[in-house]
Amino acid sequence: MPTEKKTTIGGQAIIEGIVMKGPKKTCTVVRKADGELVVKEEASHQPGPLWRLPILRGAYGLFTAMKDGIVAINYSASFFEDEEVDTPPTKFEIWLENKFGSAGVDKFILGLSTVIGIALPVALFLLLPSFLGGAVPKTWGVLARNVLEGVVRILIFLLFMWSVSHMKDIRRTFEYHGAEHKTIFCYEAGDELTVENVRRHGRFHPRCGTSFMFVLIIVATIVSSIVFSLIEITNPFLRMLAHLVLLPLVVGISYEFNRYAGRSESVVSRALRWPGLMIQRLTVFEPDDSMIEVAITGMQAVIPEDDSDKW
(Lines give C-alpha, C1' and ligand atoms only; values in the text may rest on other atoms or scores of the structure.)
Protein backbone atom coordinates (compact mmCIF):
# COMPACT_ATOMS: atom_id res chain seq x y z
CA MET A 1 0.00 0.00 0.00
CA PRO A 2 1.47 3.41 -0.93
CA THR A 3 3.01 5.53 1.80
CA GLU A 4 2.44 9.29 1.84
CA LYS A 5 4.82 10.07 4.68
CA LYS A 6 7.20 8.50 7.18
CA THR A 7 6.46 9.34 10.79
CA THR A 8 8.61 9.28 13.91
CA ILE A 9 5.59 8.27 16.00
CA GLY A 10 6.07 4.89 17.62
CA GLY A 11 4.31 2.74 20.16
CA GLN A 12 4.46 -0.10 22.62
CA ALA A 13 1.91 -2.73 23.54
CA ILE A 14 1.17 -3.10 27.26
CA ILE A 15 -1.36 -5.07 29.31
CA GLU A 16 -4.71 -4.53 27.56
CA GLY A 17 -3.48 -1.31 26.05
CA ILE A 18 -1.00 0.66 23.98
CA VAL A 19 1.43 3.54 24.52
CA MET A 20 1.82 5.90 21.57
CA LYS A 21 4.74 8.31 21.61
CA GLY A 22 4.86 11.39 19.39
CA PRO A 23 7.44 14.19 19.17
CA LYS A 24 5.61 16.27 21.77
CA LYS A 25 3.15 14.02 23.61
CA THR A 26 2.90 10.45 24.87
CA CYS A 27 -0.50 8.82 25.28
CA THR A 28 -1.21 5.65 27.25
CA VAL A 29 -4.54 3.96 26.59
CA VAL A 30 -5.79 0.99 28.62
CA ARG A 31 -9.08 -0.88 28.20
CA LYS A 32 -10.42 -1.87 31.61
CA ALA A 33 -12.29 -5.12 32.24
CA ASP A 34 -15.64 -3.31 31.92
CA GLY A 35 -14.68 -1.99 28.46
CA GLU A 36 -13.97 1.59 29.54
CA LEU A 37 -10.94 3.28 27.96
CA VAL A 38 -8.55 5.02 30.36
CA VAL A 39 -6.47 7.67 28.57
CA LYS A 40 -3.38 9.32 30.07
CA GLU A 41 -1.50 12.02 28.17
CA GLU A 42 1.86 13.52 29.13
CA ALA A 43 4.74 15.39 27.53
CA SER A 44 7.31 13.27 25.69
CA HIS A 45 10.94 13.23 26.77
CA GLN A 46 13.04 15.82 24.98
CA PRO A 47 16.72 14.78 24.86
CA GLY A 48 19.43 17.42 25.13
CA PRO A 49 21.67 18.35 22.18
CA LEU A 50 24.30 15.75 23.12
CA TRP A 51 21.78 12.89 23.06
CA ARG A 52 20.55 13.87 19.59
CA LEU A 53 23.91 13.01 18.01
CA PRO A 54 24.23 9.82 15.93
CA ILE A 55 25.13 6.71 17.96
CA LEU A 56 24.47 8.51 21.27
CA ARG A 57 20.78 8.98 20.42
CA GLY A 58 20.42 5.22 20.08
CA ALA A 59 21.70 4.51 23.60
CA TYR A 60 19.50 7.27 25.03
CA GLY A 61 16.46 6.09 23.10
CA LEU A 62 16.78 2.45 24.15
CA PHE A 63 17.26 3.25 27.84
CA THR A 64 14.34 5.68 28.01
CA ALA A 65 12.11 3.34 25.98
CA MET A 66 12.80 0.42 28.32
CA LYS A 67 12.35 2.53 31.43
CA ASP A 68 9.15 4.16 30.20
CA GLY A 69 7.88 0.81 28.97
CA ILE A 70 8.22 -0.79 32.39
CA VAL A 71 6.46 2.19 34.01
CA ALA A 72 3.62 1.88 31.46
CA ILE A 73 3.27 -1.88 32.02
CA ASN A 74 3.04 -1.38 35.78
CA TYR A 75 0.45 1.36 35.21
CA SER A 76 -1.69 -0.87 32.99
CA ALA A 77 -1.36 -3.80 35.41
CA SER A 78 -2.77 -1.65 38.23
CA PHE A 79 -6.21 -1.79 36.56
CA PHE A 80 -6.32 -5.58 36.74
CA GLU A 81 -5.18 -6.31 40.28
CA ASP A 82 -7.39 -8.87 41.99
CA GLU A 83 -8.96 -6.94 44.84
CA GLU A 84 -10.63 -10.03 46.28
CA VAL A 85 -7.36 -11.63 47.30
CA ASP A 86 -6.49 -10.37 50.77
CA THR A 87 -2.92 -11.50 51.32
CA PRO A 88 -1.29 -10.28 54.51
CA PRO A 89 1.92 -8.29 53.94
CA THR A 90 5.24 -9.97 54.62
CA LYS A 91 7.62 -8.80 57.33
CA PHE A 92 9.85 -7.29 54.64
CA GLU A 93 6.92 -5.34 53.15
CA ILE A 94 5.94 -4.08 56.61
CA TRP A 95 9.55 -3.00 57.28
CA LEU A 96 9.74 -1.17 53.94
CA GLU A 97 6.47 0.68 54.56
CA ASN A 98 7.50 1.68 58.08
CA LYS A 99 10.90 2.81 56.84
CA PHE A 100 9.96 4.64 53.64
CA GLY A 101 6.17 4.99 53.65
CA SER A 102 3.73 3.77 50.97
CA ALA A 103 5.06 6.20 48.33
CA GLY A 104 8.63 5.13 49.06
CA VAL A 105 7.71 1.46 48.73
CA ASP A 106 6.07 2.14 45.35
CA LYS A 107 9.19 3.95 44.15
CA PHE A 108 11.39 1.11 45.41
CA ILE A 109 9.32 -1.53 43.62
CA LEU A 110 9.23 0.53 40.42
CA GLY A 111 12.99 1.11 40.57
CA LEU A 112 13.67 -2.57 41.20
CA SER A 113 11.42 -3.67 38.33
CA THR A 114 13.15 -1.14 36.06
CA VAL A 115 16.59 -2.49 36.93
CA ILE A 116 15.45 -6.08 36.43
CA GLY A 117 13.64 -5.20 33.19
CA ILE A 118 16.81 -3.67 31.73
CA ALA A 119 19.30 -6.14 33.20
CA LEU A 120 17.43 -9.32 32.25
CA PRO A 121 17.56 -8.98 28.44
CA VAL A 122 21.17 -7.79 28.63
CA ALA A 123 22.11 -10.83 30.72
CA LEU A 124 20.07 -13.29 28.65
CA PHE A 125 20.88 -12.17 25.11
CA LEU A 126 24.33 -10.64 25.58
CA LEU A 127 26.19 -11.85 28.66
CA LEU A 128 25.12 -15.51 28.77
CA PRO A 129 26.27 -16.25 25.19
CA SER A 130 29.48 -14.33 25.94
CA PHE A 131 30.10 -16.47 29.02
CA LEU A 132 29.48 -19.66 27.05
CA GLY A 133 31.79 -18.44 24.27
CA GLY A 134 34.56 -17.83 26.77
CA ALA A 135 34.07 -21.27 28.32
CA VAL A 136 34.95 -23.23 25.15
CA PRO A 137 38.48 -24.70 24.83
CA LYS A 138 41.17 -22.22 23.73
CA THR A 139 42.17 -24.63 20.97
CA TRP A 140 38.94 -23.78 19.12
CA GLY A 141 40.35 -20.46 18.05
CA VAL A 142 38.93 -16.94 17.97
CA LEU A 143 36.69 -17.38 14.92
CA ALA A 144 34.99 -20.53 16.18
CA ARG A 145 34.37 -18.94 19.57
CA ASN A 146 32.82 -15.83 18.04
CA VAL A 147 30.63 -17.84 15.65
CA LEU A 148 29.43 -20.03 18.51
CA GLU A 149 28.59 -16.94 20.54
CA GLY A 150 26.56 -15.47 17.71
CA VAL A 151 24.67 -18.69 17.01
CA VAL A 152 23.83 -19.19 20.70
CA ARG A 153 22.71 -15.56 21.00
CA ILE A 154 20.32 -15.88 18.04
CA LEU A 155 18.96 -19.26 19.22
CA ILE A 156 18.26 -17.95 22.73
CA PHE A 157 16.47 -14.93 21.28
CA LEU A 158 14.32 -17.00 18.91
CA LEU A 159 13.51 -19.61 21.55
CA PHE A 160 12.55 -16.94 24.07
CA MET A 161 10.28 -15.13 21.60
CA TRP A 162 8.68 -18.37 20.43
CA SER A 163 8.02 -19.46 24.02
CA VAL A 164 6.40 -16.24 25.23
CA SER A 165 4.29 -15.97 22.07
CA HIS A 166 2.47 -19.16 23.17
CA MET A 167 1.44 -17.70 26.53
CA LYS A 168 -2.21 -16.62 26.47
CA ASP A 169 -1.78 -13.24 28.18
CA ILE A 170 1.37 -12.41 26.23
CA ARG A 171 -0.35 -13.32 22.98
CA ARG A 172 -3.05 -10.71 23.68
CA THR A 173 -0.29 -8.16 24.23
CA PHE A 174 1.23 -9.17 20.89
CA GLU A 175 -2.20 -8.63 19.28
CA TYR A 176 -2.19 -5.09 20.66
CA HIS A 177 1.30 -4.87 19.14
CA GLY A 178 -0.30 -5.65 15.78
CA ALA A 179 -2.93 -2.95 16.32
CA GLU A 180 -0.18 -0.41 16.99
CA HIS A 181 1.68 -1.28 13.78
CA LYS A 182 -1.42 -1.32 11.59
CA THR A 183 -2.53 2.07 12.94
CA ILE A 184 0.86 3.65 12.22
CA PHE A 185 0.79 2.20 8.70
CA CYS A 186 -2.69 3.62 8.17
CA TYR A 187 -1.55 7.07 9.28
CA GLU A 188 1.57 6.91 7.09
CA ALA A 189 -0.60 5.98 4.10
CA GLY A 190 -2.68 9.11 4.61
CA ASP A 191 -5.89 7.17 5.28
CA GLU A 192 -8.46 8.30 7.80
CA LEU A 193 -7.94 6.60 11.16
CA THR A 194 -10.97 4.34 11.33
CA VAL A 195 -11.20 0.72 12.43
CA GLU A 196 -12.12 -0.36 8.89
CA ASN A 197 -9.14 1.47 7.32
CA VAL A 198 -6.62 0.32 9.92
CA ARG A 199 -7.71 -3.31 9.56
CA ARG A 200 -6.69 -3.28 5.86
CA HIS A 201 -3.04 -2.46 6.60
CA GLY A 202 -0.14 -4.80 7.30
CA ARG A 203 1.11 -5.66 10.77
CA PHE A 204 4.89 -5.94 10.21
CA HIS A 205 6.59 -2.55 10.56
CA PRO A 206 10.32 -1.92 9.85
CA ARG A 207 10.76 0.26 12.97
CA CYS A 208 9.47 -2.44 15.33
CA GLY A 209 11.30 -3.07 18.61
CA THR A 210 11.50 -6.78 17.78
CA SER A 211 13.43 -5.97 14.62
CA PHE A 212 15.64 -3.62 16.61
CA MET A 213 16.47 -6.35 19.15
CA PHE A 214 17.34 -8.78 16.37
CA VAL A 215 19.55 -6.20 14.67
CA LEU A 216 21.19 -5.45 18.03
CA ILE A 217 22.06 -9.13 18.45
CA ILE A 218 23.59 -9.31 14.97
CA VAL A 219 25.55 -6.07 15.46
CA ALA A 220 26.77 -7.25 18.88
CA THR A 221 28.10 -10.42 17.25
CA ILE A 222 29.86 -8.50 14.47
CA VAL A 223 31.37 -5.85 16.75
CA SER A 224 32.56 -8.39 19.33
CA SER A 225 34.04 -10.56 16.57
CA ILE A 226 36.08 -7.61 15.30
CA VAL A 227 37.22 -6.53 18.78
CA PHE A 228 38.03 -10.03 20.01
CA SER A 229 39.94 -10.77 16.80
CA LEU A 230 42.20 -7.81 17.58
CA ILE A 231 42.34 -8.39 21.33
CA GLU A 232 41.90 -12.05 22.17
CA ILE A 233 39.93 -12.44 25.40
CA THR A 234 39.20 -16.01 26.45
CA ASN A 235 38.30 -15.53 30.11
CA PRO A 236 34.46 -15.81 30.32
CA PHE A 237 34.09 -13.01 32.88
CA LEU A 238 36.39 -10.64 31.00
CA ARG A 239 34.43 -11.31 27.81
CA MET A 240 31.22 -10.43 29.63
CA LEU A 241 32.80 -7.23 30.93
CA ALA A 242 34.03 -6.34 27.43
CA HIS A 243 30.51 -6.82 26.05
CA LEU A 244 29.13 -4.47 28.69
CA VAL A 245 31.71 -1.83 27.73
CA LEU A 246 30.83 -2.24 24.05
CA LEU A 247 27.06 -2.18 24.68
CA PRO A 248 26.50 1.58 24.14
CA LEU A 249 28.35 1.41 20.81
CA VAL A 250 26.39 -1.70 19.75
CA VAL A 251 23.07 -0.07 20.66
CA GLY A 252 24.02 3.13 18.82
CA ILE A 253 24.98 1.32 15.61
CA SER A 254 21.84 -0.84 15.77
CA TYR A 255 19.66 2.25 16.17
CA GLU A 256 21.21 3.97 13.16
CA PHE A 257 20.73 0.81 11.10
CA ASN A 258 17.06 0.55 12.08
CA ARG A 259 16.60 4.26 11.45
CA TYR A 260 17.94 3.92 7.90
CA ALA A 261 15.96 0.74 7.18
CA GLY A 262 12.77 2.29 8.53
CA ARG A 263 12.85 5.43 6.44
CA SER A 264 14.33 4.17 3.17
CA GLU A 265 12.54 2.14 0.51
CA SER A 266 15.63 1.22 -1.50
CA VAL A 267 16.30 -2.35 -2.55
CA VAL A 268 19.23 -2.50 -0.13
CA SER A 269 17.21 -1.31 2.87
CA ARG A 270 14.35 -3.69 2.09
CA ALA A 271 16.79 -6.59 1.92
CA LEU A 272 18.48 -5.59 5.17
CA ARG A 273 15.24 -5.27 7.13
CA TRP A 274 13.69 -8.50 5.77
CA PRO A 275 15.05 -10.76 8.59
CA GLY A 276 13.64 -8.43 11.25
CA LEU A 277 10.24 -8.42 9.55
CA MET A 278 10.24 -12.23 9.56
CA ILE A 279 11.04 -12.29 13.30
CA GLN A 280 7.96 -10.15 13.90
CA ARG A 281 5.84 -13.20 13.04
CA LEU A 282 6.62 -14.29 16.61
CA THR A 283 5.65 -11.04 18.32
CA VAL A 284 3.05 -9.25 16.14
CA PHE A 285 -0.39 -10.85 15.70
CA GLU A 286 -3.66 -9.77 14.11
CA PRO A 287 -5.73 -7.65 16.51
CA ASP A 288 -9.48 -7.49 16.99
CA ASP A 289 -11.47 -4.31 16.42
CA SER A 290 -11.46 -3.31 20.10
CA MET A 291 -7.66 -3.35 20.10
CA ILE A 292 -7.54 -1.24 16.96
CA GLU A 293 -9.85 1.26 18.65
CA VAL A 294 -7.34 1.55 21.52
CA ALA A 295 -4.48 2.15 19.07
CA ILE A 296 -6.43 4.80 17.17
CA THR A 297 -7.26 6.63 20.39
CA GLY A 298 -3.58 6.76 21.35
CA MET A 299 -2.46 7.72 17.85
CA GLN A 300 -4.90 10.59 17.47
CA ALA A 301 -3.73 12.07 20.77
CA VAL A 302 -0.05 12.34 19.77
CA ILE A 303 -0.25 13.53 16.13
CA PRO A 304 1.18 17.06 16.15
CA GLU A 305 -0.61 19.83 14.32
CA ASP A 306 2.62 21.30 12.95
CA ASP A 307 3.71 18.12 11.08
CA SER A 308 6.79 17.89 13.34
CA ASP A 309 6.54 14.08 13.36
CA LYS A 310 7.56 13.89 9.69
CA TRP A 311 10.69 11.80 9.27
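How big is the Kirkwood radius of the chain, worked out from every pair of different alpha carbons and given in Å to one decimal? Write down the numbers at each step before the final one.
Details: mean 1/r = 0.0473 Å⁻¹.
So the Kirkwood estimate lands at 21.1 Å.
Report the Cα centroid-to-centroid distance between segment 262-311 and segment 29-60 in angstrom, as an integer.
Each part reduced to its Cα centre gives a spacing of 15 Å.
How much of the accessible area of segment 249-307, in percent, comes from carbon and sulfur atoms when a 1.4 Å probe is used? Don't jump to the answer; show the numbers that get you there.
Details: 1610 of 2740 Å².
That share works out to 59 percent.
Would you please put 279-290, 208-219, 237-248, 176-187 in order of how densely packed they are, using the mean number of other Cβ atoms within 10 angstrom per residue and starting with the highest? Please list the in-between numbers first.
Values: 279-290: 18.7, 208-219: 22.7, 237-248: 16.3, 176-187: 26.2.
Put in order of decreasing packing, that is 176-187, 208-219, 279-290, 237-248.
Suppose all protein chains stay in the model; what accessible area per residue would a 1.4 Å probe give for the chain, in Å²? All intermediate terms of the calculation are to be shown ahead of the outcome.
Values: 16700 Å² over 311 residues.
On a per-residue basis, 54 Å².
Helix by helix through the chain, keep the DSSP H runs that span 30 Å or more along the axis on Cα and average at least 1.0 on Kyte-Doolittle, and give those back in order.
Helices meeting the criterion: 142-165, 209-230.
When the helix-only estimate is applied to the chain (DSSP H runs of n ≥ 4, each -39,500 (n - 2.57), divided by the residue count), what is the mean residue ellipticity at 222 nm, nearest 500 deg cm²/dmol? Show your work: numbers first, answer last.
Numbers: 10 runs with 189 residues, N = 311.
For the chain, the value works out to -20500 deg cm²/dmol.
Please give me the summed charge of the neighbours of I226: other residues whose Cβ is under 15 Å from its Cβ, Lys and Arg +1, Asp and Glu -1.
Working: positive: R145, R239; negative: E149, E232.
Around I226, the charge tally is 0.
Which of the pairs K5/K40; K32/K310; K25/K182; K40/K168 have their Cα atoms more than 24 Å apart in this structure?
On the way: K5/K40 27 Å; K32/K310 32 Å; K25/K182 20 Å; K40/K168 26 Å.
Correct reply: K5/K40; K32/K310; K40/K168.
What order do E149, E256 take when sorted by accessible area (1.4 Å probe), most exposed first? Intermediate values should be presented prior to the final figure.
Details: E149 0, E256 45 Å².
So the residues, ranked largest to smallest area, are E256, E149.
With springs only between Cα atoms under 10 Å apart, run a GNM on the chain and tell me which of P206, P129, P47 wobbles the most.
Answer for the Gaussian network model of the chain: P47.
Using just the Cα positions, wrap segment 1-43 in a convex hull and report its mean projected area in square nanometres, one decimal place.
If I average the Cα hull's projected area over directions, I get 4.1 nm².
Where does the charge balance sit around V251 when Lys and Arg score +1, Asp and Glu -1, over other residues with C-beta under 13 Å from its C-beta? Intermediate results must be reported in sequence, preceding the final value.
Details: positive: R57, R259; negative: E256.
Local net charge: +1.
Using per-residue counts of other Cβ atoms within 10 Å, averaged over each peptide, order 161-168, 198-205 from highest down.
198-205, 161-168
Run the numbers for S308 and L124: contour at 0.36 nm per residue of separation, minus the present Cα-Cα distance, in nm.
In short, 62.5 nm is gained.
In whole percent, how big is the carbon plus sulfur part of the accessible area of segment 160-215, probe 1.4 Å, protein atoms only?
Values: 1390 of 2430 Å².
Taking all protein chains in place, segment 160-215 shows 57 percent carbon and sulfur surface.
The values are calculated or read from the model by the stated rules, or taken from the named source; none is laboratory data. In this text, all values refer to a predicted model and were calculated from it rather than measured experimentally. Cβ atoms come from the backbone with ideal geometry, glycine included; neighbour counts cover every protein chain shown. To get the accessible areas, we keep the full protein, side chains included, count just its heavy atoms, and leave off ligands, DNA and RNA. Shrake-Rupley method; radii C 1.70, N 1.55, O 1.52, S 1.80 Å.
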